[in-house]
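To start, the structure under review is shown below, and the notes come after it.
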Amino acid sequence: MTTKIVKTLETDTPLPEIQARWAHVALYADIMPSVTRVRSLGDQRWSWQTSNGEWLVDEVQHRAGQVVSWQARQGDNVYRATVLFTPIDHGRRTRIVYTRHYVRDLAPDAERHDIEADMLTTLRRSAGLLDRTGDAPITVPDIATAARDKAHLSQVLESGETLQAALAEAADAWARSMTTSLTLLNSAMWPALQAHQQREKQRADQPELQA
(Lines give C-alpha, C1' and ligand atoms only; values in the text may rest on other atoms or scores of the structure.)
Protein backbone atom coordinates (compact mmCIF):
# COMPACT_ATOMS: atom_id res chain seq x y z
CA MET A 1 0.00 0.00 0.00
CA THR A 2 1.00 3.63 -0.44
CA THR A 3 0.77 6.64 1.86
CA LYS A 4 -0.32 10.13 0.88
CA ILE A 5 0.15 13.14 3.15
CA VAL A 6 -1.25 16.56 2.26
CA LYS A 7 -0.67 19.79 4.20
CA THR A 8 -2.18 23.16 3.31
CA LEU A 9 -1.38 26.71 4.36
CA GLU A 10 -3.26 29.90 3.49
CA THR A 11 -1.30 33.09 4.02
CA ASP A 12 -1.29 36.79 3.18
CA THR A 13 2.30 36.42 1.90
CA PRO A 14 2.35 37.52 -1.76
CA LEU A 15 2.70 34.73 -4.30
CA PRO A 16 5.95 36.07 -5.88
CA GLU A 17 7.72 35.93 -2.49
CA ILE A 18 6.73 32.31 -2.00
CA GLN A 19 7.75 31.43 -5.55
CA ALA A 20 11.16 33.02 -4.95
CA ARG A 21 11.79 30.78 -1.95
CA TRP A 22 11.00 27.67 -4.00
CA ALA A 23 12.82 28.82 -7.14
CA HIS A 24 16.19 27.13 -6.49
CA VAL A 25 16.72 23.62 -5.15
CA ALA A 26 20.14 24.60 -3.80
CA LEU A 27 18.41 26.80 -1.20
CA TYR A 28 15.83 24.27 0.02
CA ALA A 29 17.84 23.65 3.19
CA ASP A 30 16.74 27.15 4.23
CA ILE A 31 13.06 26.18 4.25
CA MET A 32 13.07 22.44 4.99
CA PRO A 33 13.96 21.80 8.65
CA SER A 34 15.02 18.18 8.06
CA VAL A 35 17.45 19.08 5.23
CA THR A 36 20.86 20.19 6.48
CA ARG A 37 22.75 20.25 3.17
CA VAL A 38 21.91 20.28 -0.54
CA ARG A 39 24.53 19.23 -3.08
CA SER A 40 24.18 19.15 -6.86
CA LEU A 41 25.09 15.88 -8.60
CA GLY A 42 24.58 17.31 -12.09
CA ASP A 43 21.89 16.53 -14.67
CA GLN A 44 19.16 17.86 -12.35
CA ARG A 45 20.06 15.33 -9.66
CA TRP A 46 20.67 16.32 -6.06
CA SER A 47 21.87 14.95 -2.76
CA TRP A 48 19.88 16.05 0.29
CA GLN A 49 21.56 15.36 3.61
CA THR A 50 19.05 14.95 6.44
CA SER A 51 19.10 13.88 10.06
CA ASN A 52 18.33 10.31 8.99
CA GLY A 53 20.82 10.06 6.14
CA GLU A 54 21.13 11.02 2.49
CA TRP A 55 18.27 11.25 0.00
CA LEU A 56 18.86 11.23 -3.76
CA VAL A 57 16.51 13.69 -5.46
CA ASP A 58 15.70 13.89 -9.17
CA GLU A 59 12.89 14.70 -11.60
CA VAL A 60 12.80 18.24 -10.20
CA GLN A 61 10.33 20.39 -12.12
CA HIS A 62 9.10 23.97 -11.91
CA ARG A 63 5.94 24.40 -13.97
CA ALA A 64 4.46 27.78 -14.82
CA GLY A 65 5.77 29.28 -11.57
CA GLN A 66 2.98 27.62 -9.58
CA VAL A 67 4.01 23.98 -9.19
CA VAL A 68 7.23 22.46 -7.89
CA SER A 69 7.73 18.69 -7.86
CA TRP A 70 10.48 16.19 -7.24
CA GLN A 71 11.19 12.55 -6.43
CA ALA A 72 13.30 11.53 -3.44
CA ARG A 73 14.82 8.12 -2.81
CA GLN A 74 16.65 6.57 0.13
CA GLY A 75 17.14 2.87 -0.52
CA ASP A 76 13.68 1.36 -0.92
CA ASN A 77 12.05 4.41 0.64
CA VAL A 78 10.69 6.58 -2.20
CA TYR A 79 8.27 9.47 -2.29
CA ARG A 80 6.98 11.92 -4.87
CA ALA A 81 6.38 15.50 -3.71
CA THR A 82 4.48 18.41 -5.20
CA VAL A 83 4.03 21.96 -3.96
CA LEU A 84 1.17 23.94 -5.49
CA PHE A 85 0.86 27.74 -5.17
CA THR A 86 -2.57 29.25 -5.83
CA PRO A 87 -3.62 32.91 -5.50
CA ILE A 88 -6.89 33.33 -3.57
CA ASP A 89 -9.11 36.25 -2.51
CA HIS A 90 -8.46 37.99 -5.83
CA GLY A 91 -4.69 37.65 -5.42
CA ARG A 92 -4.58 39.17 -1.92
CA ARG A 93 -3.72 35.83 -0.33
CA THR A 94 -1.95 32.62 -1.31
CA ARG A 95 -2.76 28.97 -0.74
CA ILE A 96 0.16 26.50 -0.61
CA VAL A 97 -0.59 22.78 -0.87
CA TYR A 98 2.30 20.44 -0.08
CA THR A 99 1.80 16.75 -0.95
CA ARG A 100 4.02 13.75 -0.37
CA HIS A 101 3.10 10.42 -1.90
CA TYR A 102 5.10 7.49 -0.47
CA VAL A 103 5.27 4.19 -2.33
CA ARG A 104 5.07 2.27 0.94
CA ASP A 105 3.16 2.32 4.20
CA LEU A 106 4.66 4.60 6.81
CA ALA A 107 5.32 3.38 10.30
CA PRO A 108 2.40 4.35 12.54
CA ASP A 109 2.33 7.44 14.71
CA ALA A 110 5.94 8.58 15.19
CA GLU A 111 7.18 8.48 11.60
CA ARG A 112 4.06 10.08 10.13
CA HIS A 113 3.98 12.69 12.90
CA ASP A 114 7.58 13.72 12.19
CA ILE A 115 6.92 14.00 8.45
CA GLU A 116 3.77 16.07 8.98
CA ALA A 117 5.60 18.40 11.37
CA ASP A 118 8.42 18.81 8.84
CA MET A 119 5.96 19.61 6.07
CA LEU A 120 4.08 22.19 8.15
CA THR A 121 7.31 23.92 9.17
CA THR A 122 8.41 23.93 5.53
CA LEU A 123 5.16 25.62 4.51
CA ARG A 124 5.49 28.28 7.20
CA ARG A 125 9.14 28.96 6.34
CA SER A 126 8.38 29.22 2.63
CA ALA A 127 5.69 31.78 3.48
CA GLY A 128 8.09 33.73 5.71
CA LEU A 129 5.87 33.26 8.76
CA LEU A 130 8.42 31.86 11.19
CA ASP A 131 10.36 34.43 13.22
CA ARG A 132 8.03 37.09 11.81
CA THR A 133 6.34 39.49 14.21
CA GLY A 134 3.41 41.76 13.47
CA ASP A 135 3.65 43.50 10.14
CA ALA A 136 7.42 43.16 9.85
CA PRO A 137 8.41 43.05 6.17
CA ILE A 138 9.68 39.87 4.59
CA THR A 139 13.12 40.42 3.10
CA VAL A 140 13.10 37.92 0.27
CA PRO A 141 14.36 38.82 -3.22
CA ASP A 142 11.87 38.88 -6.04
CA ILE A 143 12.06 36.33 -8.83
CA ALA A 144 14.24 38.52 -11.03
CA THR A 145 16.71 39.07 -8.20
CA ALA A 146 16.73 35.38 -7.35
CA ALA A 147 17.45 34.53 -10.99
CA ARG A 148 20.29 37.06 -11.05
CA ASP A 149 21.74 35.62 -7.83
CA LYS A 150 21.55 32.15 -9.34
CA ALA A 151 23.46 33.40 -12.38
CA HIS A 152 26.11 34.91 -10.10
CA LEU A 153 26.38 31.64 -8.19
CA SER A 154 26.78 29.75 -11.46
CA GLN A 155 29.53 32.15 -12.51
CA VAL A 156 31.33 31.64 -9.20
CA LEU A 157 31.10 27.87 -9.52
CA GLU A 158 32.24 28.03 -13.15
CA SER A 159 35.18 30.26 -12.16
CA GLY A 160 36.14 27.81 -9.44
CA GLU A 161 36.05 24.92 -11.87
CA THR A 162 38.12 26.94 -14.38
CA LEU A 163 40.69 27.78 -11.70
CA GLN A 164 40.89 24.16 -10.62
CA ALA A 165 41.43 23.06 -14.22
CA ALA A 166 44.11 25.73 -14.71
CA LEU A 167 45.93 24.65 -11.56
CA ALA A 168 45.81 21.01 -12.65
CA GLU A 169 47.15 21.94 -16.08
CA ALA A 170 49.92 24.02 -14.50
CA ALA A 171 50.87 21.12 -12.22
CA ASP A 172 51.02 18.77 -15.22
CA ALA A 173 53.14 21.27 -17.15
CA TRP A 174 55.53 21.63 -14.21
CA ALA A 175 55.86 17.86 -13.92
CA ARG A 176 56.57 17.53 -17.65
CA SER A 177 59.12 20.34 -17.42
CA MET A 178 60.91 18.70 -14.50
CA THR A 179 60.99 15.37 -16.31
CA THR A 180 62.43 16.99 -19.42
CA SER A 181 65.02 18.90 -17.37
CA LEU A 182 66.15 15.78 -15.55
CA THR A 183 66.39 13.90 -18.85
CA LEU A 184 68.53 16.65 -20.39
CA LEU A 185 70.66 16.91 -17.27
CA ASN A 186 71.29 13.19 -17.22
CA SER A 187 72.13 13.13 -20.93
CA ALA A 188 74.66 15.97 -20.41
CA MET A 189 76.22 14.51 -17.28
CA TRP A 190 76.44 10.90 -18.39
CA PRO A 191 79.44 11.32 -20.78
CA ALA A 192 81.30 13.38 -18.17
CA LEU A 193 80.59 10.74 -15.54
CA GLN A 194 81.82 7.99 -17.85
CA ALA A 195 85.03 9.97 -18.58
CA HIS A 196 85.60 10.53 -14.86
CA GLN A 197 85.12 6.84 -14.09
CA GLN A 198 87.55 5.96 -16.90
CA ARG A 199 90.21 8.34 -15.52
CA GLU A 200 89.81 6.92 -12.02
CA LYS A 201 90.21 3.41 -13.37
CA GLN A 202 93.35 4.38 -15.28
CA ARG A 203 94.76 6.08 -12.18
CA ALA A 204 94.08 2.98 -10.13
CA ASP A 205 95.78 0.76 -12.75
CA GLN A 206 98.98 2.88 -12.97
CA PRO A 207 100.65 1.61 -9.73
CA GLU A 208 100.18 -1.96 -10.90
CA LEU A 209 101.87 -1.15 -14.23
CA GLN A 210 104.79 0.59 -12.49
CA ALA A 211 105.26 -2.37 -10.14
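I'd like the full set of residues that are small (Gly, Ala, Ser) and surrounded by 13 or more Cβ atoms within 10 Å (Cβ to Cβ), limited to the stretch 63-106.
Our first condition is that a residue be small (Gly, Ala, Ser); within the stretch 63-106, this holds for 64-65, 69, 72, 75, 81, 91.
65, 69, 72, 81 - these are the residues of the stretch 63-106 that are small (Gly, Ala, Ser) and surrounded by 13 or more Cβ atoms within 10 Å (Cβ to Cβ).
Quick one: residue 158 ticks every box in (1) more than 18 Å from residue 30 (Cα to Cα); (2) modelled with pLDDT of 90 or more; (3) open to solvent by 30 Å² or more (accessible area, probe 1.4 Å) bar one, so which box is it?
(2)
Quick check, is residue 60 open to solvent by less than 30 Å² (accessible area, probe 1.4 Å), without any contact (Cβ under 8 Å) to a residue 60 or more places away in the chain, in a strand (DSSP E or B) and touching a helix residue (DSSP H, G or I) at 6+ places or on another chain (Cβ under 7 Å)? Outline the logic, then answer.
Values: open to solvent by less than 30 Å² (accessible area, probe 1.4 Å): yes; without any contact (Cβ under 8 Å) to a residue 60 or more places away in the chain: yes; in a strand (DSSP E or B): yes; touching a helix residue (DSSP H, G or I) at 6+ places or on another chain (Cβ under 7 Å): yes.
Judged against the criteria, residue 60 is a match.
Look through 116, 17 and report the one residue that is modelled with pLDDT of 90 or more, touching a Gly at 6+ places or on another chain (Cβ under 7 Å) and closer than 24 Å to residue 128 by Cα. Give the derivation first.
Working: 116 fails: touching a Gly at 6+ places or on another chain (Cβ under 7 Å).
So the residue among 116, 17 that is modelled with pLDDT of 90 or more, touching a Gly at 6+ places or on another chain (Cβ under 7 Å) and closer than 24 Å to residue 128 by Cα is 17.
The values are calculated or read from the model by the stated rules, or taken from the named source; none is laboratory data. Bear in mind that the values here come from a model prediction, so they are computed numbers and not experimental data. Virtual Cβ from ideal backbone geometry, glycine too; neighbours counted across all protein chains shown. To get the accessible areas, we keep the full protein, side chains included, count just its heavy atoms, and leave off ligands, DNA and RNA. Shrake-Rupley method; radii C 1.70, N 1.55, O 1.52, S 1.80 Å.
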